[in-house]
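Q: Before we start, here is the structure in question, set down as structure tokens.
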Amino acid sequence: MLELRQLVKHYRVGKGDPICAVDGVSMSVASGEFVALYGPSGSGKTTLLEVIAGAQKPDRGTVLVDGKDIFAMSERDLDEFRLRQLGIIGHPADLIPGARAIENASLRLLLTNTRRANRTIEPLLVRLGLGDRMEHRTEELSMGERQRVMIAMALATDPVLVLADEPTGNLDTERTREVLGLLQEICGERGAAVLLATHDPQAASFASQIHELRDGHLQDCQPDHVLEAQSVFGRRA
């Protein structure tokens, strides 16, 4: 589903020398697979996700989604890809203040001109445990509930690829398990490929495959503390 071939991305801070945020990264994520991109802050995780999403163009390399090179697409086709085939789970702070949970969750459906968008999204919100919270406004939801709304928004268009950038950064241990468990379960049923970027060993322990990213370099290894988290929480894949 997702294939990265020798991606390289530099950026410049001020007048200094260019910094290589992503350095020759190659990897793949199959349909229905839950893969973790693990590494500390500043390791290049967010930059890599932005390149995969088409928000930044790589200096070199290729991003293939369902066999299609996204950077060979026209701007119109790339926008359509982002809207319909790509789901991005951002941070709860991205929710619209004052909007109801169901309004936030159905936003992507409205952008695709889906009729009865609110009714369409309701079953997913119920599945995510928000059946009795749909009419509550953003400020009335807990952080865990807000993160579930973000998941509903990302999955609303039934994407083939889901990118999650530190989705549990503001959640405690119990909420992290609940949120990632639901994400893994729903995406597995739908056959969506999931790439989770995280610095949290507990979050990484949910993945069937873990890639460690450090200083822009990808390493196929599982740090000891991730393995310890897997033994405590149990691998979910």
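The values are calculated or read from the model by the stated rules, or taken from the named source; none is laboratory data. Note that the coordinates shown come from a computational prediction; the quantities given were computed from them, not determined experimentally. Cβ placement follows ideal geometry from the backbone for every residue including glycine, while neighbour counts extend to all protein chains displayed.
Q: Checking the condition closer than 24 Å to A53 by Cβ and either modelled with pLDDT of 90 or more or crowded, with 21+ Cβ neighbours inside 10 Å (or both), which residue from A101, A156, A93 passes?
A: Testing whether each residue is closer than 24 Å to A53 by Cβ and either modelled with pLDDT of 90 or more or crowded, with 21+ Cβ neighbours inside 10 Å (or both) leaves just A156.
Q: Taking into account only those residues within the stretch 152-166 that are under 15 Å from A193 (Cβ atoms) and assigned to a helix (DSSP H, G or I), which is nearest to the chain's Cα centre (by Cα)?
A: Out of the qualifying residues, it is A154.
Q: Then there's this: For the stretch 39-65, what are the residues that are out of contact with any strand residue (DSSP E or B) (no Cβ under 8 Å at 6 or more places or on another chain) and surrounded by 14 or more Cβ atoms within 10 Å (Cβ to Cβ)?
A: G42, E50
Q: Further, regarding this structure: From the set of residues in the stretch 66-78 that are under 14 Å from E50 (Cα atoms) and within 19 Å of the chain's Cα centre (by Cα), which is surrounded by the most Cβ atoms within 10 Å (Cβ to Cβ)?
A: Per the stated criteria, the residue is I70.
Q: Regarding the stretch 5-26, can at least one residue be identified that is among the basic types (K, R), closer than 30 Å to A105 by Cβ, in the same structural domain as T168 (by TED's automatic domain parsing) and surrounded by 14 or more Cβ atoms within 10 Å (Cβ to Cβ)?
A: no
Q: Output the number of the condition that E139 fails; it satisfies all remaining conditions of (1) of a type in the set (D, E, K, R); (2) surrounded by fewer than 17 Cβ atoms within 10 Å (Cβ to Cβ); (3) in contact with a helix residue (DSSP H, G or I) (Cβ under 7 Å, 6 or more places away or on another chain).
A: (3)
Q: Taking the stretch 114-141, which residues are closer than 25 Å to L180 by Cβ and part of a helix (DSSP H, G or I)?
A: Correct list: T120, I121, E122, P123, L124, L125, V126, R127, T138, E139, E140.
Q: Is it true that some residue in the stretch 39-60 is touching a residue at least 60 places away in the same chain (Cβ under 8 Å) and either in a strand (DSSP E or B) or in the same structural domain as R137 (by TED's automatic domain parsing) (or both)?
A: Checked the stretch 39-60: no residue is touching a residue at least 60 places away in the same chain (Cβ under 8 Å) and either in a strand (DSSP E or B) or in the same structural domain as R137 (by TED's automatic domain parsing) (or both).
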